[in-house]
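S.K.: Got a structure here, written out as structure tokens. Questions coming.
The values are calculated or read from the model by the stated rules, or taken from the named source; none is laboratory data. Nothing here was measured: the structure is a model prediction, and the numbers come from that model. Quick reminder, even Gly has a Cβ in these numbers, built from the backbone with ideal geometry, and neighbours come from all protein chains shown. Surface accessibility is based on the protein's heavy atoms, side chains included, excluding ligands, DNA and RNA. Shrake-Rupley method; radii C 1.70, N 1.55, O 1.52, S 1.80 Å.
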Amino acid sequence: MILFSRACSAHSSQLRIKFARYSKVLAVSASLLLTILFHPLFAKSKKSEASGIHKIKHVIIIMQENRSFDSYFGTFPGVEGIPMDAGVPTVCNPDPKNGGCVKPYHDAQDANGGGPHGEAASIAAIDGGKMDGFLAQAESGRKGCLAGSNPVCTNSSLQDAMGYHDEREIPNYWAYARAFVLQDHMFEPNASWSLPEHLFQVSAWSAYCKQHNHPESCTNALQAPGMPPDFGGRTAPVFGGEARNGPPGTRPIYAWTDLTYLLHKHHVSWGYYVVKGSEPDCEDDSQVNCPPVKQNARTPGIWNPLPYFDTVKEDGELNRIQPIENFYEQARKGTLPAVVWIVPSGEVSEHPPALVSAGQTFVTGLINAVMKSPNWKDCAIFLSWDDWGGFYDHVVPPKVDENGYGLRVPGLVISPYAKRAFIDKQILSFDAYLKFIEDDFLHGMRLDPKTDGRPDPRPTVREDVPQLGDLVNDFEFSRRPLPPLILPQHPKTDLIPPQ
């Protein structure tokens, strides 16, 4: 019994020693953990994570057509707008046809003409930084086109390239700008027309490719990438001795890497929504001599390039390109995908001569649908216009590479977390949309040939150019979310209907 008692005592003593040792280890570990948690570097990481970009669960890009910043917001308070002195513009564009020059002027017409807006028109309008070639381009645009509905035709007032609208004509757009964020240095990513822009919008590049599933076969193409079947059979620019278009029905080869490839790889849902209607643009917007074609999820045109990307077909995601009716239904149910692109039909696009009123009604309906949706609470809507459409703008675009930037266009951020009544003066392009999506859903991955797994010869990783601002700066994630702003789809305006 004595031996057993001594043994128990010795064992108890050992347990006390071990417990003391473990207590010291736990104390040290706890101290170390607290040190790490409150270390400045870790605190910065935690702060960054809490900065809130991941509060955005749905990014919705609404892309309208063909308006410059000055033509819609050049007189909005606080922006870098049309240069004026006592309310009178101090700039003008030479008028080769009638002599003298024409200053920007208030235009209440619902239907506008604009002007050519291809690569050559961009160069001529900018005129080495003088920004004085807009009227000359509008006056030189082709008239009497085969298709009277082709919006690039300059059959309306030629001088409306210098016209601008304001709150009297576009009250809903100005209401969104007053309530949320207006970007006054948003530039088209490419100095060219609609098809290259829509390619940039989903992939940060526009190219011409020779072989399917061979990204290395693609070559930079600012003006004439591979054309959708709608453009088959018409004369196209030549590259390397080969015509860009084959016979009617020829499908283009888009073999380079687009954003949907990364979204699919990381199991991020997306949807691209189209509207049935006429397609207004031509392969070369200075020619404007093509008949309209139908645009829908099965018969896509220049505003819907994703069906021709090898990645979309290989990933089995063609069904994500769908009718706009699906968007409204998904918004109602709160089942919108994480990334949404919406493109209009010609009738509601604001692409001249489509009515401004019709476009504003279409966009308001889309935004109202989101604001009434369960998805409003965690969404960011990016609203813009794909190119300048020949309309005057006075700001010289920055040059980031051989493709752009193009001319300045309006840009709006609408979200419960958007800064209230904020004017963002960062230099931006639609590449910033890709960057935001990549930072929010893809852990900062980029469409970078060195890292994305599908190397292509794109000249620039657009999301990382030093000039590009960060859309995160348009949000305040730490404050109480803003309420919806439901607006009338048919607001009272001073717009003058076409005769």
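S.K.: Count, please, the residues in region 82-128 that happen to be acidic (Asp, Glu) and in a loop (DSSP other than H, G, I, E, B).
M.R.: So the answer is 3.
S.K.: Is it the case that region 406-416 has a residue that's in a helix (DSSP H, G or I), open to solvent by less than 30 Å² (accessible area, probe 1.4 Å), in contact (Cβ under 8 Å) with a residue 40 or more places away in the chain and farther than 25 Å from Ser206 by Cα?
M.R.: Taking every residue of region 406-416 in turn, none turns out to be in a helix (DSSP H, G or I), open to solvent by less than 30 Å² (accessible area, probe 1.4 Å), in contact (Cβ under 8 Å) with a residue 40 or more places away in the chain and farther than 25 Å from Ser206 by Cα.
S.K.: Answer yes or no as to whether Ile423 is assigned to a strand (DSSP E or B) and of a type in the set (A, V, I, L, M, F, W, C).
M.R.: In short, yes.
S.K.: Let me ask you something else. If you scan region 103-127, which residues turn out to be open to solvent by less than 10 Å² (accessible area, probe 1.4 Å) and closer than 15 Å to Gly404 by Cβ?
M.R.: Within region 103-127, His117, Gly118, Ala121, Ser122, Ala125 meet the criteria.
S.K.: Of all residues in region 303-356, how many are among the basic types (Lys, Arg) and touching a Gly at 6+ places or on another chain (Cβ under 6 Å)?
M.R.: Number of matching residues: 1.
S.K.: If you don't mind, there's one more thing I want to ask. Looking at region 140-181, which of its residues are among the charged types (D, E, K, R) and at pLDDT below 90?
M.R.: Arg142, Lys143
S.K.: Right, next: In the list Phe422, Phe475, which residue meets the criterion of being closer than 21 Å to Asn375 by Cβ and surrounded by 14 or more Cβ atoms within 10 Å (Cβ to Cβ)?
M.R.: Phe475
S.K.: In addition: How do the pairs read when you match residues in region 294-319 that are at pLDDT 85 or above and acidic (Asp, Glu) with residues anywhere that are part of a loop (DSSP other than H, G, I, E, B) and open to solvent by 10 Å² or more (accessible area, probe 1.4 Å), using Cβ under 6 Å and keeping only pairs 6 or more apart or on different chains?
M.R.: Note: pairs meeting the criteria are Asp310/His212; Asp310/Asn213.
S.K.: Quick check on Leu468: is it touching an Asp or Glu at 6+ places or on another chain (Cβ under 7 Å), under 23 Å from Asp184 (Cβ atoms), part of a loop (DSSP other than H, G, I, E, B) and touching a residue at least 60 places away in the same chain (Cβ under 8 Å)?
M.R.: Judged against the criteria, Leu468 is a match.
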